[in-house]
1. Looking at the range 130-149 only, could you name the residues that are among the β-branched types (Val, Ile, Thr) and not in a loop (DSSP other than H, G, I, E, B)?
2. When the range 89-108 is examined, which residues are found to be over 14 Å from Thr220 (Cα atoms) and free of Cβ contacts under 8 Å to residues at least 60 places away in the same chain?
3. For the range 61-68, indicate whether the set of residues that are surrounded by 12 or more Cβ atoms within 10 Å (Cβ to Cβ), at pLDDT 80 or above and among the basic types (Lys, Arg) is non-empty.
4. Could you please give the count of residues in the range 179-206 that are among the small types (Gly, Ala, Ser) and modelled with pLDDT of 95 or more?
5. On the basis of being modelled with pLDDT of 90 or more, touching a strand residue (DSSP E or B) at 6+ places or on another chain (Cβ under 8 Å), over 30 Å from Thr228 (Cβ atoms) and of a type outside the set (A, V, I, L, M, F, W, C), does Thr115 make the cut?
6. Go through (1) open to solvent by less than 80 Å² (accessible area, probe 1.4 Å); (2) in a helix (DSSP H, G or I); (3) among the acidic types (Asp, Glu) and name the single condition Glu82 misses.
7. How about the range 151-178: which of its residues are modelled with pLDDT under 95 and closer than 20 Å to Arg101 by Cβ?
Amino acid sequence: MHFRMKDMAVLMLALCCCLSGTQAQGNNDNQKTCCLSDTCSLAKELVSIGEKLGTMVEKQGTMGDNLRLMETRLQTSEKEVEELKRLTAGQPKVAFSATLRESGSGDTGPFKTPTPLQYKKVFSNTGNSYNPATGVFAATVKGMYYFRFTMMNNLNSTPNSVVCLTKNGQRLVSVWDTAGNDSHDSGSNAVVIPLEVGDQVYVELQANRLIFDDTMFYNTFSGFLLFTM
């Protein structure tokens, strides 16, 4: 488009010059000079207009290129959002939270051997990976998990409570209170650990120890999947 406009302006310039030359043959010198001057001025204006039109066409072309580039980027962003939605929708959801007693109050323990605590009152169990009958969380998805547990000590004058978060029989972290003149102490601990499918995690009350709970629900066990691996 730009070259057509410019070529047209040059053609008109040549045509005007030819006309001015023909017209100058039948007139005197003053008329010839005046006509030639007017014709050339008009031709220059036409050339200038043509150049300006060409510049405008170039700018429109650049704007069009930029617009197409923006459209491409927008389409790419939309595809990335759709892919993210697809991945998020496909992520497994695993989370649970439970407390020790469903009702009443009293001690749990002591037992002669280390024993998994059965957190019977379940607040949530998305994915059904936690079993309140055994107190064991069994991973159904390979990934990185977060676990947290709390403990309330017994009512004896000498505290006697030790609980451990355990993975496949291996003790990971603990909370304990076995010394002092006070009672009704509590504590908590947490871990972030990788699990394979079938790995088991539970809170274990150690041998000859006990904990106390009532309807205020001091002893809890919670966990959730952070991300798959």
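1. Within the range 130-149, just Val136 meets the criteria.
2. Scanning the range 89-108 gives Ala89, Gly90.
3. no
4. Residues of the range 179-206 that are among the small types (Gly, Ala, Ser), as a first pass: 179-180, 183, 186-188, 190, 198.
From what is left, the residues that are modelled with pLDDT of 95 or more are 188, 190, 198.
Residues flagged as among the small types (Gly, Ala, Ser) and modelled with pLDDT of 95 or more within the range 179-206 amount to 3.
5. Details: modelled with pLDDT of 90 or more: yes; touching a strand residue (DSSP E or B) at 6+ places or on another chain (Cβ under 8 Å): yes; over 30 Å from Thr228 (Cβ atoms): yes; of a type outside the set (A, V, I, L, M, F, W, C): yes.
So Thr115 fits the description; yes.
6. (1)
7. Met151, Met152, Asn153, Asn154, Leu155, Asn156, Pro159, Asn160, Ser161, Val162, Val175, Asp177
Condition check ((1) touching a Lys or Arg at 6+ places or on another chain (Cβ under 9 Å); (2) open to solvent by 40 Å² or more (accessible area, probe 1.4 Å)) across all residues:
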{"residue": "Asn131", "(1), (2)": "no, yes"}
{"residue": "Ala138", "(1), (2)": "no, no"}
{"residue": "Tyr146", "(1), (2)": "no, yes"}
{"residue": "Val163", "(1), (2)": "yes, no"}
{"residue": "Gln170", "(1), (2)": "no, yes"}
{"residue": "Val173", "(1), (2)": "no, no"}
{"residue": "Ala179", "(1), (2)": "no, yes"}
{"residue": "Ile193", "(1), (2)": "yes, no"}
{"residue": "Asp199", "(1), (2)": "yes, no"}
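The values are calculated or read from the model by the stated rules, or taken from the named source; none is laboratory data. Treat the numbers as computed from the prediction; the structure is a model and nothing was measured. Heads up, the Cβs are rebuilt from the backbone with ideal geometry, glycines too, and the neighbour counts pull from every protein chain shown. These accessible areas exclude ligands, DNA and RNA; they are computed on the full protein's heavy atoms, side chains included. Shrake-Rupley method; radii C 1.70, N 1.55, O 1.52, S 1.80 Å.
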